[in-house]
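Structure record follows, encoded as structure tokens.
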Amino acid sequence: MDTDPAASIARLRDRLAAAQDDRERAMLAVLERRVTAEIVGDLEALGAAVTPDFVLRSHPAGGLTGEGRDAFVAGFAAGLARAYRMLWMDWDHLAVDAVTGTIAADGLMRMVLRGPAAAAMYPDSVDDPSSDYLASTPMAIYVTFRDGLIAREVTYADNSATVVTRHTGTGTGTGTGTGTNVNVK
């Protein structure tokens, strides 16, 4: 796996190019726009990829972690403002079921965290709070589509297996929701 978010998008685009039918292609295109929006901090594009009643459930934290497009976008914006500069999925497996409108995937969720946030979340792994850190967590994701948009996302993370290192790679995003220096075009 690669710690470069542009490489992750390239793998997703390769899967999109290999899509077998129009519905599969459409689902992957929406997912690609959503993931790209998360990487570059484009809040408008992020909201455009999900239904107005979008639901996000995150485990092991459990329970509802976001309900509705506006709450989802606001939560992402708050995360950009206080904790992470960017996040992306480093895909290992990606399966699309166009009949049920579901995508299942696994890999590593990568987050570039600001030093203070990394120190609060992973105190044993942070030795310089003025630096950025890369947190890599094994994760499985299930995404359900409705009316051409993402309606529901359920994530399962193995937080006990998170690896945190000082971030020295690409993707030192601004965390302002206005974009980063990562070229995913």
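The values are calculated or read from the model by the stated rules, or taken from the named source; none is laboratory data. Everything numeric in this text was worked out from a predicted model, so none of it was measured. With ideal geometry, Cβ positions are generated from the backbone for all residues, glycine too; neighbour counts draw on all protein chains shown.
For (1) modelled with pLDDT of 90 or more; (2) not basic (K, R), each residue gets a yes or a no:
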site	(1), (2)
L43	yes, yes
L46	yes, yes
R57	yes, no
A61	no, yes
A78	yes, yes
A81	yes, yes
W88	yes, yes
M109	yes, yes
A119	yes, yes
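When residues of segment 42-81 are filtered for being acidic (D, E) and part of a strand (DSSP E or B), how many remain?
Residues of segment 42-81 acidic (D, E): 42, 44, 53, 67, 70.
Remaining after also requiring part of a strand (DSSP E or B): 53, 67.
Counting residues in segment 42-81 that are acidic (D, E) and part of a strand (DSSP E or B) gives 2.
With A71, A104, A49 as the choices, which residue is of a type in the set (A, V, I, L, M, F, W, C) and free of Cβ contacts under 8 Å to residues at least 12 places away in the same chain?
Numbers: A104 fails: free of Cβ contacts under 8 Å to residues at least 12 places away in the same chain; A49 fails: free of Cβ contacts under 8 Å to residues at least 12 places away in the same chain.
Testing whether each residue is of a type in the set (A, V, I, L, M, F, W, C) and free of Cβ contacts under 8 Å to residues at least 12 places away in the same chain leaves just A71.
Give me a count of the residues in segment 91-120 that are over 17 Å from the mean Cα position of the chain (by Cα) and either loosely packed, with under 15 Cβ neighbours inside 10 Å or aromatic (F, W, Y) (or both).
The total comes to 5.
Given the conditions (1) within 18 Å of the chain's Cα centre (by Cα); (2) surrounded by fewer than 19 Cβ atoms within 10 Å (Cβ to Cβ), report the number of the one that W88 does not fulfil.
Condition not satisfied by W88: (2).
If R23 passes every condition in (1) assigned to a loop (DSSP other than H, G, I, E, B); (2) more than 14 Å from the chain's Cα centre (by Cα) but one, which one does it miss?
Result: R23 fails condition (1) only.
Which residue pairs have Cβ atoms closer than 9 Å, lie 6 or more positions apart in sequence or on different chains, and pair a first residue in segment 148-168 that is in contact (Cβ under 8 Å) with a residue 24 or more places away in the chain with a second residue that is of a type in the set (G, A, S) and part of a loop (DSSP other than H, G, I, E, B)?
L149/A49; I150/A49; A151/G101; A157/A61; N159/A61; R166/S131; H167/S131
Got at least one residue in segment 116-130 being under 20 Å from S8 (Cα atoms) and without any contact (Cβ under 8 Å) to a residue 60 or more places away in the chain?
So in segment 116-130, the residues under 20 Å from S8 (Cα atoms) come out as none.
Within segment 116-130 (the criterion being under 20 Å from S8 (Cα atoms) and without any contact (Cβ under 8 Å) to a residue 60 or more places away in the chain), the answer is no, since none of the residues qualifies.
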